[in-house]
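Encoded as structure tokens, the structure appears first; notes follow it.
A short reminder: the numbers here are calculations on the coordinates, not readings from a lab. Everything quoted here is computed from the prediction, not taken from an experiment. Positions of Cβ are generated from backbone atoms using ideal geometry, with glycine treated the same way; all protein chains shown enter the neighbour counts.
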Amino acid sequence: MLIRLGYDIQFEMPSAAPMIAVLRVHPSRAQDLRQPDLISSNPGVPIYVYSDSFGNLCSRFVAPAGMFQLSASVVIEDSGMVDAVNPEAPQLPIEDLPPETLAFLLPSRYCEVDEFGDITRSLFGFTQPGWSRVEAVCSWVHDNVTFGYHLASPQKTALDVYNERGGVCRDFQHLAITFCRSLGIPARYATGYLGDIGVPPQDLPMDFSAWFEVYLGDRWWTFDARHNQPRIGRILIATGRDAADVAITTSFGRAWMRNFQVITHEVAES
């Protein structure tokens, strides 16, 4: 199947400011793109691309004073299959984990793993290690946290979500990630596109989506505590320890967002 991806993000800049954008499709999906995934800016500015320590494609530039727009529209080929599922995927002892996964067991900006020991044991200490344990985490978060844009806060951490029981998709994932890390399962934050493909459309504005990945067996697997079901058409942009590592845009100066539109939907083969 083919999926059109894109965005139109506009800022009012009181003065020129350096910016970083994490908006390009992840290198692991580059071979599926039908055309180059490039960021357009208006006014046009030089954009330099680099790979960060997590392997994400980042774009850096200086946004001029005044109105400033970032946009893109590309088509990507997707298998049309739901997220992979493997109930037999085992949880590895920490001493047997690959070194590159160990950072995803530690506390990070939004995931206070060191605060969750007693909470996690009381909720999930009875579960079997492995796939079913992560499913139990996702189900608990999905069933006990209320979604609402009015509940969003850029300062909200996993502990805040646990105490307040509300948030947006990134908050669901932060709490699930923190539970998993506290259980000895490497877990990392993921962001990208997820349209209403194969599910009833939601009466909500389209946005970039968040999910998370856990390391079980010999690979990373996709889980989603917000939707708590395998989905079609999940297109990865970036992964990191939590949302702080993969912010869509970061401005080193004032930048007031004036427009934010995201598209992701299936299109017919031309």
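Among the criteria (1) farther than 30 Å from Glu12 by Cβ; (2) touching a residue at least 12 places away in the same chain (Cβ under 8 Å), the one Pro99 does not fulfil is (2).
Scanning segment 146-167 for residues that are part of a loop (DSSP other than H, G, I, E, B) and over 18 Å from the mean Cα position of the chain (by Cα) returns a single hit, Arg165.
Checked against the criterion of being in a strand (DSSP E or B) and not hydrophobic (A, V, I, L, M, F, W, C), the candidates Ser15, Ser53, Ser59 yield just one match: Ser59. Of all residues in segment 24-56, those being touching a Pro at 6+ places or on another chain (Cβ under 9 Å) and either free of Cβ contacts under 8 Å to residues at least 60 places away in the same chain or aromatic (Phe, Trp, Tyr) (or both) number 3.
The number of residues in segment 22-39 being among the aliphatic types (A, V, I, L, M) and within 11 Å of Ser59 (Cβ to Cβ) comes to 4.
For segment 29-72, a residue qualifies if it is surrounded by fewer than 16 Cβ atoms within 10 Å (Cβ to Cβ), within 19 Å of the chain's Cα centre (by Cα) and among the hydrophobic types (A, V, I, L, M, F, W, C), and exactly one does: Ala30. Scan segment 154-193 for residues that are in contact with an Asp or Glu (Cβ under 9 Å, 6 or more places away or on another chain), of a type in the set (S, T, N, Q) and over 14 Å from Ala244 (Cα atoms) and the total you get is 2. Scanning segment 62-93 for residues that are farther than 24 Å from Asn259 by Cα, in a strand (DSSP E or B) and not acidic (Asp, Glu) returns Ile76, Val82. Is it true that Thr191 is touching a helix residue (DSSP H, G or I) at 6+ places or on another chain (Cβ under 8 Å), crowded, with 24+ Cβ neighbours inside 10 Å and more than 18 Å from Ala84 (Cα to Cα)? Judged against the criteria, Thr191 is not a match.
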